[in-house]
Amino acid sequence: MTVRPVAVRPARARWISAILLAACGAAAVAAQSQATMIDLLRVLGATGVDVLYSSDLVPPDLDVPAVLQGSDPLSRVTEALAAHHLVLRNVGPRRYVVTREPAPRAAPATASNPRESSPPEAALEEVSVFASRYAFEGTAVGEPASFTERDLQQTPGSQQDPMRAVRASPGLATNLSSRPYVRGAFLDDVLVQFDGVPLVDPFHFKNFQSLISAFDPAAVGRIDVYTGGFPVNYGTRSAGVFDLAPRSVASGNEQRLGASLLSYDFSSVGRAERWPIEWLATFRHSAHDIALKPINGDIGEPTYIDALGRVRWQASAVSAWTLGWLLLDDRIALASEPKREQADAHDRDLYAWVASDWNPSGALHSHTSISVTNIERSRGGTLTLTGAANGQLAERRDSFLVDLRTAWSYAQSAQSTWNFGAAAGLENAELTFDRQELFTDAIAATFGRPIDAALTSQQMVRASTLGFYASFRRQWQAFETEIGARLDRQDYRSLSSRAQASPRLNVRFDPTPDWHVYGSWGLFTQAQRVGEWRSEESQTAPDPATRAEHLIGGVIHESPDATHWRLEVYRNHWTSISPYFDNSLDALVLLPELGPDRLRLAPRSAETAGIELSAHRAFGRAFEASAAYALSRTTDDLNGRDVPRSWDQPHAVSVDMAWRQANFSSSLLVAWHSGWPRTPVSVVQGTSGVPAYVVVGARNSARWGDYLSADLRISQIVPIAYGELTLWVDATNVTDRTNNCCTALSPEQPGTVPATYTKTWLSRIINAGFSWRFGSPRAD
């Protein structure tokens with residue numbers, strides 16, 4: 001069986017055709033000549049280099065010398081800044097900040113050799129004047145993959161979901177969900193945070209493939225992706241980090257109104273002229289009959305809403321306050337076709353936070369926040385599979401979390417920085433699970449399930465958490481190191497308590513300005529949150545904390561006029577891991593807890609290892625391309641046998657190309673990976689003396705065919721009297737290739753043993769829309 005393509009209705013087809021015609025026929029507006037320093041910095045940003053600067057150092061009217069000798073954007077910017085006694089300081093791969101020229105006693109750092117000298121503390125003061133989390137980072141320890149606002153705008157699929165832009169990063173495995181697996185780890189092993197606030201599963205359709213993230217692209221200014229070796233301040237997740245920074249402008253304001261086949265949206269970002277206040281607000285509501293739906297949910301209309309707000313008040317020259325909130329609301333009523341499964345769900349997540357920044361000097365900075373999270377999730381439905389199973393499910397999971405954290409950074413000197421902080425939290429969860437299900441004798445015997453799989457459980461779990469961390473960073477002429485450690489403790493209120501220590505070490509060596517060698521070793525622990533308790537088996541005691549050891553080594557070559565590339569080798573080894581459930585045949589069912597192929601797995605340990613190679617090059621201002629290749633293997637130790645996890649992909653390749661000319665842009669992302677593991681299954685026909693039966697092979701002992709998908713994005717900006725209009729089209733799996741994913745059971749006739757059929761990932765999905773932007777913003 002092949003999942004049917006999403007039908008494009010006649011009215012929708014006319015709309016898409018009109019948008020495509022307008023996008024292709026709109027007149028291109030020639031780029032204006034650069035007249036200010038900000039314009040020159042934007043030209044440099046268009047080459048993929050990220051530059052952070054303060055509007056105090058680079059005001060809007062700062063001019064550019066009439067004659068510049070540099071032949072490339074980086075050297076021209078360096079030369080122009082020097083005329084105003086400013087320099088570029090390298091703070092990571094393809095990332096720079098603008099600072100004042102050091103005092104005469106120190107040789108000035110340039111973009112061509114940013115590490116020849118160490119900037120004095122005065123330079124740090126200049127960096128800290130803008131409200132940015134990069135003020136004290138220096139070189140990016142952990143070497144994250146960074147996606148700027150420009151990357152988010154041009155990657156196919158990210159027009160409506162910025163998290164889809166990270167798919168091009170090596171080490172991530174995803175076929176459908178907006179929530180990728182990071183180096184073979186579980187989805188819950190990854191920390192997602194926005195504005196420094198940790199979020200719990202910030203995705204829409206959480207139990208239905210998590211198709212869309214909670215973030216409007218207008219809300220995100222940058223995403224840093226850590227696939228391992230991340231610093232100690234990022235808390236207690238064991239695999240990776242998605243760190244999202246809110247979008248802001250240096251002055252002015254910008255509003256956007258948009259509509260597409262997926263959602264209607266509004267956003268506003270700006271900074272007041274008369275008061276020291278900046279704001280960010282977004283709102284999205286799903287469109288009727290949205291273009292993107294969960295697989296196997298052919299009947300029904302899922303809807304979602306998200307709203308995000310952020311207000312920042314610069315109370316004084318040394319302090320600022322931030323108030324933020326995020327709301328997600330999903331309502332889903334789905335049924336499979338034919339109508340064997342029905343599911344209804346309502347998810348509501350509310351986050352609110354208050355944060356304070358204090359920066360009394362160029363050497364000391366603190367960030368303290370308190371956040372409150374309220375999560376309400378209810379889900380239910382039925383499964384009617386004649387000849388196999390008949391069941392119904394009702395589940396509710398409500399949780400309430402309070403999180404208090406403080407982080408301090410002290411620049412002891414231009415070469416030495418101390419980071420330390422603490423976090424405390426309270427968690428409370430009420431979990432209800434009710435499953436009533438019967439299997440036939442043949443199915444129960446085949447999958448090792450009891451004939452009566454009924455289970456009812458009610459749990460009220462409370463916990464308090466406490467954590468401390470400290471790290472020290474030291475930079476020499478060409479060598480930098482960070483040593484840190486975390487200490488975390490959990491008290492599960494009358495059940496048990498846990499404590500974990502997590503030492504970390506990151507090093508980096510720059511033999512030349514263009515070559516960087518780095519390494520990382522660390523222990524990463526992850527305590528079980530109360531909302532993660534397995535109601536499906538009526539869990540009564542908390543699991544021991546997950547423990548993982550990360551070992552990473554890599555080399556980077558970057559040059560403004562050559563290919564930027566990175567080679568990284570890693571090994572992650574889990575010595576302690578929580579049990580988990582998996583559907584061995586069909587992972588795309590509406591209610592996996594009712595599937596007869598449901599398995600409980602309890603690995604002794606697990607390991608993932610691999611090699612990742614990525615490259616990026618800009619071919620002038622109009623065209624750039626990126627490519628990545630990953631060789632990896634992820635296994636669980638099950639009863640002394642290494643078994644690939646269901647999302648293990650030995651080989652993966654992605655190629656991303658973008659072309660921009662005046663107001664027209666297009667991009668293409670091609671992704672290929674070897675097939676994910678599958679468990680073979682067959683039906684043995686009955687004879688006169690033996691009835692037919694189903695045979696299931698060894699877990700994940702076979703593989704699906706290779707996965708290939710091409711995503712395309714086309715957009716055209718049309719200047720109008722009030723602002724500008726952007727018309728765009730996004731196509732996912734534009735070639736409509738069939739990619740097999742799952743084996744499902746289906747009865748041929750009532751009373752017979754179920755037959756099997758193959759399900760596929762998404763067919764071609766077309767999303768088209770427009771965005772009207774107006775205002776007078778200037779970006780940081």
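The values are calculated or read from the model by the stated rules, or taken from the named source; none is laboratory data. Everything numeric here is computed off the predicted structure, so don't read it as measured data. Backbone-built Cβ (ideal geometry, glycine too); neighbour counts: all protein chains shown. Keep in mind that these areas ignore ligands, DNA and RNA; they rest on the heavy atoms of the full protein, side chains included. Shrake-Rupley method; radii C 1.70, N 1.55, O 1.52, S 1.80 Å.
Solvent-accessible surface of protein heavy atoms, probed at 1.4 angstrom with all chains present, puts Trp728, Trp672 in the order Trp672, Trp728, largest first. Residue order by solvent-accessible surface for Arg703, Arg604 is Arg604, Arg703, largest first, with ligands and nucleic acids left out and a 1.4 Å probe. Against the compact-protein benchmark of 2.2 N^0.38 Å, the Cα-based radius of gyration of segment 379-508 scales to 1.78.
Annotation: Cα Rg of segment 487-596 relative to the compact-globule expectation 2.2 N^0.38 Å equals 1.58. Cβ-Cβ distance of Ser413 and Trp521, R₀ of 30 Å, FRET efficiency by 1/(1 + (r/R0)^6): the value works out to about 0.70. Set Lys and Arg Cβ to +1 and Asp and Glu Cβ to -1, take the dipole of segment 320-469 about its Cα centre, and tell me which of Gln415, His346, Leu364 lies farthest positive. Toward the positive end, the furthest listed residue is Gln415.
Each label was represented as a point 7 Å from its Cα along the Cα-to-Cβ direction; for Thr36 and Leu187 these points are 4.5 nm apart. Think of a 1.4 Å ball rolled over the protein heavy atoms: segment 494-646 then has 40 Å² of accessible area per residue. The mean of 1/r over all distinct Cα pairs in segment 296-384, once inverted, gives the Kirkwood hydrodynamic radius of 16.2 Å. The largest accessible area among Phe447, Phe420, Phe433 belongs to the first residue in Phe420, Phe447, Phe433, and the rest follow in falling order (1.4 Å probe, all chains). Normalised per residue, the accessible area of segment 254-370 is 40 Å², obtained with a 1.4 Å probe and no contribution from ligands, DNA or RNA. Here is the tail figure for segment 576-649: Cα pairs spaced more than 20 Å apart come to 53 percent of all pairs. Calculated accessible area for segment 378-429 comes out at 42 Å² per residue, all protein chains present (probe 1.4 Å; ligands, DNA, RNA ignored).
Which of the trypsin sites (Lys or Arg not before Pro) across segment 320-410 are loop residues per DSSP, with 16 or fewer other Cβ within 10 Å? Here the sparse-neighbourhood loop sites are Lys339.
On segment 170-270, 50 percent of the accessible area sits on carbon and sulfur atoms, based on a 1.4 Å probe.
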